[in-house]
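A short write-up of the structure that comes next.
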Amino acid sequence: MKILFVTSEAYPLIKTGGLADVSGSLPVALRNNRQDVRLLMPAYHDALEQAGELHAVATVAMAGSTQPIRILEGVLPGTRVKVWLVDYPPAFNRPGNPYMTLQGDPWPDNAQRFALLSRVAVEIAQNRVDLRWQPDVVHCHDWQTALVPALLSLEPSRPATVFTIHNLSYQGIYDSTTFVHLNLPTALWHPDGLEYYGKLNIIKGGLAYADIITTVSPTYAEEIQTYEFGYGLEGLLGHRRDRLHGILNGIDYEKWNPAQDPRLKKPYTVRNLDDKEENKKQLRKDFNLSQKKDLVLIGMITRLVEQKGIDLILDAMPRLIQFPVQFVILGGGDSRFEWALGEWAKLYPDRIGLRIGYDETLAHHIEAGADIFLMPSRFEPCGLNQMYSQRYGTVPIVRRVGGLADSVVDATDENIAQGTATGIIFDHADANAVCWAVERALTLYRDFRVWRGMMRAGMRQAFDWKTSAGKYIEVYEEAVRLAALRP
Ligand code: ADP
Ligand code: GLC
């Protein structure tokens, strides 16, 4: 099948979170499965720097653009997946984050920028760009590309569309005037379309018009049909539930492999777990923490935003710090969380190591060096770090939501006895529950045999893309079938 994969970020070209990991690895898995996949994304300043060799293969004519929109062709670095970058410097050639200014505010023209990306995708999908290639399926991700299924729905003959929700809390909501400024077809302005209580809601373009909707775990697919997790769109999603599938993300087994991770002090496998200790020492050095053997090392790597339950950690900290633990925390985001964590780190410099910012190497050091990985998310569509952790023999403590519930096996007595337990799961989003889970983990940690068993069970999980890529291919086939049935 020919698949146009449209995304706003892809590792290693540019990354702010898990969407980049997925966009950088699912297309590779699809290609390995003999699918003809092309990745379309904006030619951001940083992406241009990372992309290696590129050449212009086409220009796209678009009303209102002040200079030609070029399509630059290359490959996703280190792979044979073809990449098309939409090169329109007024919209995309800005340093840093794809969505935000250096001050952390959304770029004021985000609606215009991502509408442009979406319109280019539509032109390619309809074979109106001189690329001599037309997809059978267009696969879009999150609100930034959600106008694609909406705009394609107005074309008399078009490819099938699949829309994946990675995070429903970001919807692309704008005033109705933005709808006018974007010059969107009025046929899309109604409550079953892009209108949402008098406003423009861009993600609805994906949810209302795609032939198939997927999200990144089976549990999140159920959760988003409820008031608590649906962010106002639970009704629409419930209405379309026969078109909604939950497919758990895979992870890149080459980039995240403790046996041959060039970033590690000492690689290790399930058979020589003692070597993990070297990485623990290194990690403490990275954070200037003392090498105290009796302290259990808890790691976190996260965007510092409400979703990730950072407030729960802060509420729990007065009690957590009484336990025999050290923390290593890597993250960036809301300044109030950065500040509050910073205050704790100042109070306990030998117990809490904090690095504000983005650091790929340190992320690998944490996965390899920590004993425990903590992820107390309020909601989590999939989550990747709990899977990386298990692969690195670092036992995760997670809240029972979304993909966390689907990828961690709780250390119940029964699961421990059967050797299937891989982590600790708690239910309530409050400080008590976090403390209880950490205490439970520390008790299990003291039992060498049980803990080793959990580390090993985690390392043996199969989180690679093989199974999930197969499920996406089934979804694409289903979407093509449904698209053919359209009146
Ligand atoms: P989300 O996409 O909601 O942020 P995921 O768990 O799906 O959550 O993916 C987050 C990805 O971003 C992981 O690969 C994680 O290692 C990475 N990451 C997050 N924050 C940082 C950081 N400060 N430095 C390095 N990597 C980070
Ligand atoms: C989003 C979600 C995260 C998921 C990632 C990749 O950013 O917050 O849970 O793992 O997308 O699908």
*For the range 398-449, which residues satisfy the criterion of being crowded, with 17+ Cβ neighbours inside 10 Å, over 18 Å from Thr302 (Cα atoms) and of a type in the set (D, E, K, R)?*
Asp406, Asp410
*asked:* Looking at the range 194-228 only, could you name the residues that are farther than 28 Å from Val480 by Cβ and surrounded by fewer than 22 Cβ atoms within 10 Å (Cβ to Cβ)?
replied: Glu195, Tyr196, Tyr197, Gly198, Lys199, Thr226, Tyr227, Glu228
*Does Gly96 count as out of contact with any helix residue (DSSP H, G or I) (no Cβ under 8 Å at 6 or more places or on another chain), small (Gly, Ala, Ser) and either within 16 Å of ligand 2 (Cβ to nearest atom) or outside any strand (DSSP E or B) (or both)?*
no
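If you check Ser118 against the conditions, is it within 16 Å of ligand 2 (Cβ to nearest atom), part of a helix (DSSP H, G or I), under 21 Å from the mean Cα position of the chain (by Cα) and under 14 Å from Val6 (Cα atoms)?
Details: within 16 Å of ligand 2 (Cβ to nearest atom): no; part of a helix (DSSP H, G or I): yes; under 21 Å from the mean Cα position of the chain (by Cα): yes; under 14 Å from Val6 (Cα atoms): yes.
It is false that Ser118 is within 16 Å of ligand 2 (Cβ to nearest atom), part of a helix (DSSP H, G or I), under 21 Å from the mean Cα position of the chain (by Cα) and under 14 Å from Val6 (Cα atoms).
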*asked:* Given the options Asn201, Asn167, name the one that is within 16 Å of ligand 1 (Cβ to nearest atom) and of a type in the set (S, T, N, Q).
replied: Asn167
_Any chance Val408 is within 16 Å of ligand 2 (Cβ to nearest atom) and without any contact (Cβ under 8 Å) to a residue 24 or more places away in the chain_ = yes
_Residue that is small (Gly, Ala, Ser) and touching a Phe, Trp or Tyr at 6+ places or on another chain (Cβ under 6 Å), where the choices are Ala405, Ala437, Ala457_ = Ala437
*Could you please find all residues in the range 124-161 being open to solvent by 10 Å² or more (accessible area, probe 1.4 Å) and in a helix (DSSP H, G or I)?*
Trp143, Gln144, Leu151
*Number of the exception - Arg481 against (1) under 30 Å from Asn33 (Cβ atoms); (2) under 22 Å from the mean Cα position of the chain (by Cα); (3) of a type outside the set (Ser, Thr, Tyr); (4) modelled with pLDDT of 95 or more*: (2)
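Yes/no per residue for (1) in a helix (DSSP H, G or I); (2) open to solvent by less than 10 Å² (accessible area, probe 1.4 Å); (3) in contact with a Cys (Cβ under 9 Å, 6 or more places away or on another chain); (4) within 16 Å of ligand 1 (Cβ to nearest atom):
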| site | (1), (2), (3), (4) |
| --- | --- |
| Ile251 | no, yes, no, yes |
| Glu254 | no, no, no, yes |
| Pro262 | no, no, no, no |
| Val270 | no, no, no, no |
| Lys276 | yes, no, no, no |
| Gln282 | yes, no, no, no |
| Ile301 | no, no, no, yes |
| Asp315 | yes, no, no, no |
| Arg319 | yes, no, yes, no |
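Would you pick out the residues in the range 232-249 that are part of a loop (DSSP other than H, G, I, E, B) and over 19 Å from Gly383 (Cα atoms)?
Of all residues in the range 232-249, those part of a loop (DSSP other than H, G, I, E, B) come to 232-233, 240, 247-249.
Those that are part of a loop (DSSP other than H, G, I, E, B) and over 19 Å from Gly383 (Cα atoms): Gly232, Leu233, Arg240.
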*Restricting the search to the range 104-115, which residues are in a loop (DSSP other than H, G, I, E, B), modelled with pLDDT under 95 and open to solvent by 60 Å² or more (accessible area, probe 1.4 Å)?*
Asp105
*Does Leu330 satisfy the criteria of being in contact with a Lys or Arg (Cβ under 6 Å, 6 or more places away or on another chain) and either in a strand (DSSP E or B) or under 20 Å from Cys435 (Cα atoms) (or both)?*
yes
_What's the total number of residues in the range 1-44 that are more than 13 Å from ligand 1 (Cβ to nearest atom) and of a type in the set (Asp, Glu)?_
1
*Could you check, for the range 203-220, whether at least one of its residues is among the aliphatic types (A, V, I, L, M), under 23 Å from Thr7 (Cα atoms) and out of contact with any strand residue (DSSP E or B) (no Cβ under 8 Å at 6 or more places or on another chain)?*
yes
*Checking Val180 against (1) open to solvent by 10 Å² or more (accessible area, probe 1.4 Å); (2) in contact (Cβ under 8 Å) with a residue 12 or more places away in the chain; (3) not in a loop (DSSP other than H, G, I, E, B), which test does it fail?*
(2)
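The values are calculated or read from the model by the stated rules, or taken from the named source; none is laboratory data. Everything numeric in this text was worked out from a predicted model, so none of it was measured. Glycine also receives a Cβ, built like all others from the backbone with ideal geometry; neighbour counts cover every protein chain displayed. We work out accessible area using only protein heavy atoms, side chains counted, and drop any ligands, DNA or RNA first. Shrake-Rupley method; radii C 1.70, N 1.55, O 1.52, S 1.80 Å.
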